[in-house]
1. Quick test of your reading of the structure: Arg22 fulfils all but one of (1) closer than 16 Å to Val133 by Cα; (2) of a type outside the set (A, V, I, L, M, F, W, C); (3) part of a helix (DSSP H, G or I). Name the failing condition by number.
2. If you go through the stretch 265-276 one residue at a time, do you hit one that is at negative phi and loosely packed, with under 13 Cβ neighbours inside 10 Å?
3. Out of the stretch 210-242, which residues are in a loop (DSSP other than H, G, I, E, B) and closer than 24 Å to Gly176 by Cα?
4. Among (1) surrounded by fewer than 16 Cβ atoms within 10 Å (Cβ to Cβ); (2) touching a Leu at 6+ places or on another chain (Cβ under 9 Å); (3) modelled with pLDDT under 95; (4) over 25 Å from Ser90 (Cβ atoms), there is one condition Glu297 misses while meeting the rest; what is its number?
5. Name every residue in the stretch 306-346 that is part of a strand (DSSP E or B), among the aliphatic types (A, V, I, L, M) and over 19 Å from Asp173 (Cβ atoms), in order of residue number.
6. Taking only pairs six or more apart or across chains, which ones have beta-carbon atoms under 9 Å, a first residue in the stretch 174-192 that is outside any loop (DSSP other than H, G, I, E, B), and a second residue that is loosely packed, with under 10 Cβ neighbours inside 10 Å and of a type outside the set (Lys, Arg)?
7. So, in the stretch 84-112, of the ones that are small (Gly, Ala, Ser) and modelled with pLDDT of 70 or more, which residue ends up farthest from Asp35 (Cα to Cα)?
8. Which numbered condition trips up Thr56, out of (1) in contact with a helix residue (DSSP H, G or I) (Cβ under 7 Å, 6 or more places away or on another chain); (2) at pLDDT 85 or above; (3) surrounded by fewer than 18 Cβ atoms within 10 Å (Cβ to Cβ)?
Amino acid sequence: MTALQPPPASGIQTDVPIARYRFTARMRQSVRLPDYAGSLLRGQFGAALRHLSCMTRQPTCAACPLLRTCPYSRIFEAPPPTQHRLQNFSAIPNAYVIEPPLPPKGLLHPAPEPGQRHCADLEPGDELVFHMVLAGAALEQLALVLFAWQRALAQGLTKSRSAADLLQIDWVDADGAAHCIWQQHKPVLADLRSGLTVPAWPPSTAAGAAPAALKLHLHTPLRLQQQGHPLGPEQLDPRVLLAALARRVALVLEFHAQQPQWGAGVAEVVSLAPQLSDARQLRWFDWKRYSSRQQQEMTLGGVLGAWQLHGPPEALAAAWPWLWLGQWLHVGKNATMGMGAYTLVH
C-alpha cells in the first residue's frame, strides 16, 4: 500500500529549527513550589535574562534604542514588526516555551501518565527537572539562556529565595531520547545539531494503514478564547483548535525562523475544519498564579483531557504537520509558561 503523503501545501516545510531541552538542577535549600510553577520559572528566567542582556538599563524596553537587537527582547519580549504584508501586529508569539514540572499528583489528572515526573516540596539535595523549548534565532542564544538559568536558580526560587545549582542540560530529540550537551563539571556546550524534522504521513500504526483519527492528550490547561472570552469544553470545535494552532505555528516560524511560507498555509489548514468531526472528553480546570507585574494572584483556567479528531485521511494528512509541531510550541493563552501542552496519539 502506498503511503499517503501530505499534499504539496504552501506552508509545509520538513525541517524546522525547534528544540526541547531538559534542565536538571539540585536544590541547596528546601522549597515549596506553587502547584503550577510555569509562571514562577518564567518570571525568574526573564529577570535574570534581562539583567544579563540589558546594556542601557532603561526601566522598560519599549523606548530602548536597542529594542530590536537586544537578545532579551528577541527571546523574551519579541517586538512586533513595524509593518507586515498582511496586517499590523500589536504582539507576536515569543520564541520559547517553559515546561515546568508537573503539579502534585492528582491536581491536574486523577492518575499520572506513565513515566511522568511530578513536582512536590523539594528538600536540599533533591533534583528540580523542567524543560524549555526554543525556536529559530533563540537557538543561537542557547549559551546565554544557559547562563540566565544558572543565575536565576542561584539567586533562588519563590519568595524564600531557595537556591539551586544547575547540573546538566540535555537536548531531547523527537523520539524522547535525551542527549547531554552541558554539565556543571564540564561547562562547555556540546556542538550538537538540534532541530525537528516533521515525520511523514501516515504515522506508523499496527495495521499499517493511515489512521482515521488523531487524539490530543492535554497535559496542562488549554485556554482558547474568542473576543477575549475563554471557551469551555462545549464551545470548542475543530475549527477553533486548528485556527489557533496554525496561527501560532506560522507566526513563530515566520518571525523567529524566517520561514514565512507557513503563513500561506494557515487558511488552507483552517479550511479543513468542516471535514473533521471530534469527540471531546474535556473538563474545565482553574489554577491560581501570582503576577509579579500586577502584584496580585490571578485565576487562569483551561480545558484538560482528551480531544479526538476524526476525518478523511487526506484532511488528517494536511493537518498533521501543524498538530505535530504543536507538541513543542503548545497552543492557546500563556503557552510560553507551559499552558496548552499536549501529546498526539493515533
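The values are calculated or read from the model by the stated rules, or taken from the named source; none is laboratory data. Everything numeric here is computed off the predicted structure, so don't read it as measured data. All Cβ positions, even for glycine, are placed from backbone atoms using ideal geometry, and neighbour counts span all protein chains on display.
1. Of (1) closer than 16 Å to Val133 by Cα; (2) of a type outside the set (A, V, I, L, M, F, W, C); (3) part of a helix (DSSP H, G or I), only one is false for Arg22: (3).
2. Filtering the stretch 265-276 for residues at negative phi gives 265-276.
Narrowing the set further to residues that are loosely packed, with under 13 Cβ neighbours inside 10 Å leaves 267, 274.
Yes: one or more hits.
3. Taking the stretch 210-242 as the starting set, the residues that turn out to be in a loop (DSSP other than H, G, I, E, B) are 210-212, 223-224, 227-228, 231-232, 236-237.
Ala210, Pro211 - these are the residues of the stretch 210-242 that are in a loop (DSSP other than H, G, I, E, B) and closer than 24 Å to Gly176 by Cα.
4. (2)
5. To start, the set of residues in the stretch 306-346 that are part of a strand (DSSP E or B) comprises 306-310, 342-345.
Keeping just the survivors that are among the aliphatic types (A, V, I, L, M) gives 306, 309, 344-345.
Once the filter is applied, which keeps residues that are part of a strand (DSSP E or B), among the aliphatic types (A, V, I, L, M) and over 19 Å from Asp173 (Cβ atoms), the stretch 306-346 yields Ala306, Leu309.
6. Partner pairs satisfying both residue conditions: Ile181/Asp191; Trp182/Val188.
7. Initial filter on the stretch 84-112 (small (Gly, Ala, Ser)): 90-91, 95, 106, 111.
Add one more test, that the residue is modelled with pLDDT of 70 or more, and what stays is 90-91, 95.
On the way: Ser90: 32, Ala91: 29, Ala95: 25 Å.
So, considering only residues that are small (Gly, Ala, Ser) and modelled with pLDDT of 70 or more, the one farthest from Asp35 (Cα to Cα) is Ser90.
8. Evaluating Thr56 over (1) in contact with a helix residue (DSSP H, G or I) (Cβ under 7 Å, 6 or more places away or on another chain); (2) at pLDDT 85 or above; (3) surrounded by fewer than 18 Cβ atoms within 10 Å (Cβ to Cβ) leaves (1) as the failure.
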